[in-house]
Amino acid sequence: MMPLWVVIGAPVMIALLIAAAGAGPVKYTRWLALIGPVVGAYVGAATLFEAVPVGEGASDAAAVAAESVSWLNVTSGSIDIGLLADPLAAMMLVVVGVVASMVIIFSFGYMADDPSQPRYFSLISAFTAAMNGLVLSTSLVGLFVAWELVGACSYLLIGFWFTKPSAARAAVKAFLVTRVGDVGLLLALALLWRETSTLVIADVLAAVPTLAPTTITTVALLLFVGAAGKSAQFPLHVWLPDAMEGPTPVSALIHAATMVAAGVFLVARTWPLFEASESAQLVVLVIGTVTALGAATIAVPQTDIKRVLAYSTISQLGFMFAALGAGAWVAAFFHLVTHAAFKSLLFLASGSVIHGSGTQDLREMGGLGRIMPITGATWLVGVAALAGLPPLAGFFSKDAVLDAVWVHAPVAGVALFVASGLTAFYSFRATRLAFSGSFRGAGHPHESPVSMTGPLVVLAALAFTLGGASWWFADLYGGHGGLALPIAVASTLVAGAGAVIGWIVYRPGPEVDTRLAHALGRLWRSAGSAYGVDALVMRGAAATERGATTVSDRFDRRIIDGAANGVASIAQRVGREFNELQSGEGQHYAALVGAGAVLLTSLALWLGR
């Protein structure tokens with residue numbers, strides 16, 4: 001087994017090499033970007049193979065770890081950082097590696113004419129290194145550092161086309177909103193350090209039984225704030241739809257499969273803290289359920305194919321958090337893995353559609369199933385998996401989530417069933433508008449090159465087959481891999497009904513939206529505008545920013561400037577007083593010297609008593 005630091009060091013060095021080489025040899029240097037993800041996926045797969053021999057369970061797993069080092073020594077202890085490849089981290093390495101590899105290959109065709117390819121592939125490689133560091137870290141400090149580096153790479157990739165004002169605004173918005181969540185994570189680390197004098201994850205979790213219940217709940221909720229920011233949960237979800245301004249392959253990598261999954265991974269990694277707090281689990285369940293249902297309703301009227309997928313991602317992340325709130329972290333993690341396959345497939349397929357048709361507006365598409373058969377077939381696999389239709393991967397993982405939530409909280413279970421039906425409806429609505437009928441746009445649509453369709457086929461195969469790994473997954477992490485038959489039947493009927501309705505209703509084409517808008521009125525318009533939450537959150541953020549700016553300005557002017565100006569004023573006054581001593585009269589100076597001598601002599605005699 002190669003050292004774990006190579007999983008981080010290799011993509012960092014490659015990022016620097018690609019950036020330094022520049023645009024000239026980019027057709028060759030961009031292939032280097034594949035090394036980082038491939039190495040990570042290899043290490044993850046090898047770890048899983050070694051950790052759990054056939055027939056054995058997770059209790060027999062052996063983690064592969066690099067040596068930890070002491071980063072800072074303080075009076076109350078030392079802050080250590082290190083790397084650990086246990087089954088949880090190893091699975092994430094495989095997810096990141098496979099998806100990043102497919103994204104990089106897809107980008108060979110998608111970004112072929114972009115003059116900034118060196119910067120693009122360099123940032124992709126740097127992001128891979130940061131994400132690998134996040135999942136491998138043995139310490140919450142190391143995790144937080146990688147967490148912030150992931151956010152920085154996301155900012156740079158969302159704003160990749162920074163000369164476009166909307167892209168620049170989206171990058172800043174994503175950076176600022178996710179920073180709100182990061183404050184919660186940082187406060188959780190501070191509180192854990194105060195209570196346990198360590199930030200090594202294993203030591204923190206071992207100390208959970210000794211912590212007060214209020215401390216556990218507070219830490220868990222603060223960790224969830226950080227997770228909600230990264231994983232776009234209500235009300236910190238507002239950054240993700242605008243993040244679609246970045247290149248479409250970036251959306252597949254960061255905003256469908258890896259970075260947005262970091263929040264779910266964080267909760268799973270620190271699960272004993274949440275397991276010890278019913279209040280924290282309830283909050284996670286409620287927020288996850290609200291996000292899943294709310295985002296599903298918002299996705300229905302969207303006309304931008306990427307925004308449909310963006311709200312779909314928010315909704316599916318809500319499913320995962322609802323499962324976490326129901327105590328089923330294994331089901332949530334399994335859905336994370338399958339979702340990475342079919343949602344990255346859908347984002348890349350949407351990129352292929354945009355590349356081939358020249359538009360991302362569903363109203364300007366149509367008939368692409370015949371024109372782009374490979375893209376159309378793989379897209380259909382993706383939406384079927386997203387809808388949860390058997391026997392695709394999404395059917396198995398979503399049913400595990402529905403089963404766990406239904407048993408734990410039936411009301412939330414009903415809400416997720418409704419969200420599941422809506423997911424099937426908007427998925428097949430988008431499919432009908434884009435791939436059926438006749439082409440409504442301008443230009444001459446065409447199928448994408450092999451560099452783009454190849455990754456689609458690979459991801460479609462994974463989206464089709466990963467469900468069969470549910471039993472192995474349960475054996476690896478605990479739990480049960482079998483289906484709950486009543487839930488499976490009910491979810492299949494709900495998803496099937498949603499898919500059929502979405503396909504039939506939109507047979508006439510985009511004019512159906514006009515009819516529904518007229519019939520549903522304010523409800524349709526509210527869903528189309530995301531219920532105004534985005535505007536409300538941004539207005540609140542703007543008001544907070546203005547208030548903070550005003551307070552800071554007053555503090556700066558009255559306290560900082562006042563202190564500086566006060567020192568200067570005192571110096572001027574003292575200087576003016578001493579100026580009067582410069583009279584130019586010899587007898588005056590002699591008198592001052594004599595007085596000073598007497599004063600110093602008296603002081604010396606007094607001190608020498």
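Labels on offer are (1) 30.0, 99; (2) 29.4, 111; (3) 25.9, 88, and the one holding Rg and Dmax of the Cα atoms in Å computed from this structure is (2). Counting only Cβ charges, +1 for Lys and Arg and -1 for Asp and Glu, the dipole size of the chain around its Cα centre is about 1560 debye. Which of ALA45, GLY608, VAL95 sits farthest toward the positive end of the charge dipole of the chain, with +1 on the Cβ of Lys and Arg and -1 on the Cβ of Asp and Glu? Positive-most Cα among the choices belongs to VAL95. Shape of the stretch 91-203 from its Cα gyration tensor (a ≥ b ≥ c, root eigenvalues): rounded if a/c is under 1.5, otherwise prolate when a/b > b/c, or oblate? Oblate is the answer for the stretch 91-203, as a/c is 1.5 or above yet b/c matches or exceeds a/b. For the chain, the solvent-accessible area of protein heavy atoms averages 42 Å² per residue (probe radius 1.4 Å; ligands and nucleic acids excluded). With contacts taken as Cα pairs under 8 Å at a separation of at least 6 residues, the stretch 117-215 carries a relative contact order of 24 percent.
Based on the Cα gyration tensor of the stretch 375-419, what are the three equivalent ellipsoid semi-axes, each the root of five times an eigenvalue, rounded to whole Å and given largest first? Write out the running numbers ahead of the final one.
Working: eigenvalues 127, 20, 5 Å².
Three semi-axes, in Å: 25, 10, 5.
Compare the Cα positions of ALA171, TYR589, THR431 along the charge dipole of the chain (+1 at Cβ of Lys, Arg; -1 at Cβ of Asp, Glu; about the Cα centre) and return the one farthest towards the positive end. Value: THR431. Against the longest alpha carbon principal axis of the chain, how many degrees, from 0 to 90 and to the nearest 10, is the axis of helix 533-555 turned? Once rounded, one gets 10 degrees. Could you work out how far helix 393-408 tilts from the main Cα principal axis of the chain, as a 0 to 90 degree angle to the nearest 10? Value to nearest ten degrees: 70.
Relative to the dominant Cα principal axis of the chain, helix 485-505 is inclined by about 80°.
Under the rule of -39500 (n - 2.57) per DSSP H run of 4 or more residues, summed and divided by the residues of the chain, what mean residue ellipticity at 222 nm is obtained, to the nearest 500 deg cm²/dmol?
Working: 28 runs with 438 residues, N = 609.
That comes out to -23500 deg cm²/dmol.
Post the alpha-carbon centroid distance, the stretch 368-408 to the stretch 272-311, in whole angstrom. Here the two parts' Cα centres lie 18 Å apart.
Summarise the accessible area of the stretch 342-451 (1.4 Å probe, protein heavy atoms) by the percent that is carbon and sulfur.
Details: 2320 of 3380 Å².
The nonpolar share, carbon plus sulfur, comes to 69 percent.
For the charge dipole of the stretch 215-370, defined by +1 on Lys and Arg C-beta atoms and -1 on Asp and Glu C-beta atoms about the Cα centroid, which residue among THR258, SER357, VAL330 has the Cα displaced farthest towards the positive pole? Of the listed residues, the answer is SER357.
The values are calculated or read from the model by the stated rules, or taken from the named source; none is laboratory data. Everything quoted here is computed from the prediction, not taken from an experiment. As a convention, Cβ positions derive from the backbone with ideal geometry for all residues, glycine included, and neighbour counts pool all protein chains shown. Note: areas computed on protein heavy atoms with side chains; ligands, DNA, RNA excluded. Shrake-Rupley method; radii C 1.70, N 1.55, O 1.52, S 1.80 Å.
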